[in-house]
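See below for the structure under consideration.
The values are calculated or read from the model by the stated rules, or taken from the named source; none is laboratory data. A quick note: this is a predicted structure, and the numbers were derived from the prediction, not measured. A quick note on method: Cβ atoms are made from the backbone with ideal geometry, for glycine too, and the neighbour counts reach across all protein chains shown.
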Amino acid sequence: MTKESLKTFKKSLWVFHMNTGSCNGCDIEIVAALTPRYDIERFGMMLVGTPRHADVLLVTGPVMKNMEDKVKRVYEQVPDPKAVIVVGNCGATGGVFHESYSVAGPLDKIIPVDVYVPGCPPRPEAIIYGVAKVWLKLEEMEGKK
Amino acid sequence: MKNLSSEEIVQYFNDKFKEKIKDARIEKRSAGSKKKEFFNIWFKIDKSIFKEAINHLCEIQFPHFAVISGNDIGENIELVYHFSVYYGVRLKEISINISVEVPKSNLKIESICDIIPGALISEREIQEMLGVTVEGIPDNRRIFLIGNIPEGVYPWRKDEKGPQKLVRDMYE
Amino acid sequence: MSEKTTYTLPIGPIHPALKEPVAFEFEIEGEKIVGVDLKVGHVHRAIEWIGTQRNPIQIIYLAERICGICNICHPLAFSRAVENIANIEVPERAEYIRTIMAELERIHSHILWAGVAAHEIGFDTVLHLSWAVREKVLDLIEYLTGNRITKAVFTIGGVRRDITKDQYPTINKALNYYKENLGVLVNTFLDDKTIQMRSKNCGILTEEDALKLCAVGPTTRASGIKKDVRVDQAYCAYGDLDIKVMTPDIVTGEVNGDVYDRIVVRLLEVEQSVDLIEQCLDKLPSGDLVAEPKIPKLLATLKKTEGEGIGRAEAPRGEVIHYVKLDGKNEAPYTWKVRAPTYNNLLAWIPMLMGEQIADIPIVAASTDPCMSCTNRVTVIRNNKKEILDNEELHRLSIEKTRRFAR
Amino acid sequence: MIVLRLIKQLFKNPFTNKFPAKYTPTSMTEFLKDVEKGKVKMIPPIETPPQFRGAVAYDKEKCIGCQLCMRICPSRSIEFIPETKKIKIYLSRCTFCSQCVEICPVDALSMSDKWLLADTNKYSKNLIVE
């Protein structure tokens, strides 16, 4: 193995997608990123069914009050090194739901967030670009080790 | 029974319930370039004949029940039941909206689940959103608000029982 | 085995759709479901309440985000309700453009659903096939409105974007693409042995149940009830168009009300939508786009208006109805009530799921198109020991059943 | 039948748009640095149509501070700065509906086609338009 490749994040990124109350707009764009037109799976990324297999937590939607503890629990279940992406503006800041009585707050008040993908919903390629940014972070963490 | 026009439906109700129908209004709208028309009927009825009126409506045709909406109008709470009849016939559908007022001192309304079982979710919703007690409801658990907001707060109310104090400012 | 014991099996609650996220609690007897209970409301976003804090123009964009997939029908129903109250006449051209947008959305939503349904029975090839076909309509939507998903073309009293003559070639190209390529999809779904085996006689909803439980949309039409707002009521341009209710007997000659029939209805509707868009483009009248182009003036008028009204529209999943009350004092509506289609289809799940096997849960639940499958997490309680069955496991069970059939 | 389709597939261009690179780069950090320097080229994303709704662009000179855009913004993403009588738009709150663009009486706002906005800070400079 060359020194160069040591710097790369060695695993394929596996992603756990969690919906905390979004309108489905972002969710279908995430699925669209997996399907032939954008095909994110060519980078070895895939959606997995449980957080314990995942490297990246992908969250969509504002966090509802009764999803608050579930998000925390899922975040703790993701093994280190991990990263969190928020897709869509309502997860980042509340967006159109900003004065709702059942929203617990933007995601970064609840768990640490690494990358924000603004858009309502973002195009699939914007999500791919967001994943690339997460890649940077994971590589950085790998480099420090 | 043959298909009634919207005037005939209003007449049909007026004949049966007379002054218990407080108000009946036909809203006529049209759309498209051929200006085809459609009708919405709005009834305001007295609480005492509520169940009977629904039964009476079922005699025209088994209606499609849409939803119950609720208004908090000060002393009373107004519940609006949305139905439609004559669906399936090209451009003949008529929407019927029956509103009934319930005083806040005695927030009770009869359940219509025995006539239209599909009304269950909507009745559970008005129970928790407005604090109206639906008598004879087959299932009286909360539905949308479990875990989100405490009991005793009714989001559709405009008075002190509203959810205003639960709002968090997200933009600090 | 004389004594039968039943077990409880909760599914959910992470369900992404609208305000109807749902958790099921099943009572099972071996593999057979004998009892179903529903829990909804985990992702209740209080949209109706937020609406009473904002002005009608802001609500349009809020209504769009009730559901990311049916984001044409909600603003449409809301603006129709407000137009009915304030007596605003929508220009003819705007009515036609609204119709075109609504039908484009139906195409994209039904094809999306077809992919999800195929995924639920473990037929992932078809998922990718149908989503690849779907991209074309998204491109068209983006070309016409500027956004892929949330179109933001509606406003009270009209539409915000025109369809001009020089856009026709692109639209026609996309429609022709669908005429050519839908055949592949339809053949895959209707003739494939595996799909037939999994979907025929599965999740049956009888006509009586559909009527009593007030089901809407393709769910009720597959059971033989002719209920379609586009046909029943002259809204937008539908009064001028040649349209009929799609029921499964057009293709199969009989109505069973099973999952297969629901697939048939949806595919028929996609074909119908392509046809409707062409009719609209032919007849597209000239004229204004909006009744009142100055938004501050419109808001001032609405502030003075008093009254209540309803607006209805046919979403891909069924009828949407919005009730709005304006009090004539505030800019924000006094009351706003939204009824999304899945709201009424929830109860229809119970008779559908009764007597089916656990492996059929995903496809039956998905067959009403509850915006997404709600089978995220399953706990099976066997002999007082909790075994967690997750989404994957349930999905695997479903795939295994397909494989058994395929053999 | 299926063989025919397979043979056809061989000669067709793949349907996938290979953004940002055909294969996983050896190091994503290096790759993005190289792109910035112009050494390698990203495969471009699918083209946006005309009138695409991307990030809002703001012409500060034209703005007269009438605050109409704030009144109709559905997500309160526009902030008014009283000292300068100008506005500040937070893209991480925006819903990209372009209603503010339409209501602006002096055309100070417009929709750009910038949409690759992912960032590590939601209030970073890239995501605030002023």
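For the stretch C:158-175, filtered to residues that are within 24 Å of the chain's Cα centre (by Cα) and more than 30 Å from C:Asn87 (Cβ to Cβ), the residue that is surrounded by the fewest Cβ atoms within 10 Å (Cβ to Cβ) is C:Ile171. Screening A:Gly44 with (1) surrounded by 19 or more Cβ atoms within 10 Å (Cβ to Cβ); (2) closer than 22 Å to C:His119 by Cβ; (3) of a type outside the set (D, E, K, R) gives one miss only, at (1).
Restricting to the stretch B:30-62, give me the number of residues that are surrounded by 20 or more Cβ atoms within 10 Å (Cβ to Cβ), touching a Ser or Thr at 6+ places or on another chain (Cβ under 8 Å) and more than 9 Å from chain C (Cβ to nearest Cβ). Counting residues in the stretch B:30-62 that are surrounded by 20 or more Cβ atoms within 10 Å (Cβ to Cβ), touching a Ser or Thr at 6+ places or on another chain (Cβ under 8 Å) and more than 9 Å from chain C (Cβ to nearest Cβ) gives 3.
In the stretch C:238-254, which residues are of a type in the set (A, V, I, L, M, F, W, C), more than 21 Å from the chain's Cα centre (by Cα) and not in a helix (DSSP H, G or I)?
Residue satisfying the conditions is C:Leu241 alone.
Here A:Asp80 does not fit the description of being of a type in the set (D, E, K, R), over 13 Å from the mean Cα position of the chain (by Cα), surrounded by fewer than 21 Cβ atoms within 10 Å (Cβ to Cβ) and within 14 Å of chain B (Cβ to nearest Cβ). Can you tell me which residues in the stretch A:53-77 are more than 10 Å from chain C (Cβ to nearest Cβ), out of contact with any Ser or Thr (no Cβ under 9 Å at 6 or more places or on another chain) and part of a helix (DSSP H, G or I)? Of everything in the stretch A:53-77, those that are more than 10 Å from chain C (Cβ to nearest Cβ), out of contact with any Ser or Thr (no Cβ under 9 Å at 6 or more places or on another chain) and part of a helix (DSSP H, G or I) turn out to be A:Asp69, A:Lys72, A:Arg73, A:Tyr75, A:Glu76. Pick from B:Ser69, B:Ser95: which is within 19 Å of B:Trp156 (Cβ to Cβ), hydroxyl-bearing (Ser, Thr, Tyr) and within 15 Å of the chain's Cα centre (by Cα)? Going through B:Ser69, B:Ser95 in turn, the sole match is B:Ser69.
Count of the stretch A:121-145 residues, restricted to those that are modelled with pLDDT under 85 and in a loop (DSSP other than H, G, I, E, B), is 1. Across the stretch B:117-131, a minimum of one residue is classified as among the charged types (D, E, K, R), surrounded by 19 or more Cβ atoms within 10 Å (Cβ to Cβ), farther than 30 Å from A:Lys109 by Cα and within 11 Å of chain C (Cβ to nearest Cβ). Residues in the stretch D:6-42 that are within 18 Å of A:Asp39 (Cα to Cα) and in a loop (DSSP other than H, G, I, E, B): 15 in all. For the condition among the acidic types (Asp, Glu), surrounded by fewer than 16 Cβ atoms within 10 Å (Cβ to Cβ) and closer than 17 Å to B:Ser84 by Cβ, B:Glu8 qualifies. D:Asp59 meets each of the listed conditions (1) surrounded by 13 or more Cβ atoms within 10 Å (Cβ to Cβ); (2) in the same structural domain as D:Trp115 (by TED's automatic domain parsing); (3) in contact (Cβ under 8 Å) with a residue 12 or more places away in the chain; (4) not basic (Lys, Arg) apart from (1).
May I ask you to list the residues in the stretch C:292-319 that are of a type in the set (A, V, I, L, M) and within 12 Å of chain D (Cβ to nearest Cβ)?
C:Ile295, C:Leu298, C:Leu299, C:Ala300
Kindly evaluate C:Glu64 against the criterion of being of a type in the set (D, E, K, R), within 13 Å of chain A (Cβ to nearest Cβ) and within 15 Å of the chain's Cα centre (by Cα). It is true that C:Glu64 is of a type in the set (D, E, K, R), within 13 Å of chain A (Cβ to nearest Cβ) and within 15 Å of the chain's Cα centre (by Cα). In the stretch C:250-279, what count of residues is obtained for those that are modelled with pLDDT under 90 and within 14 Å of chain B (Cβ to nearest Cβ)? Count: 1.
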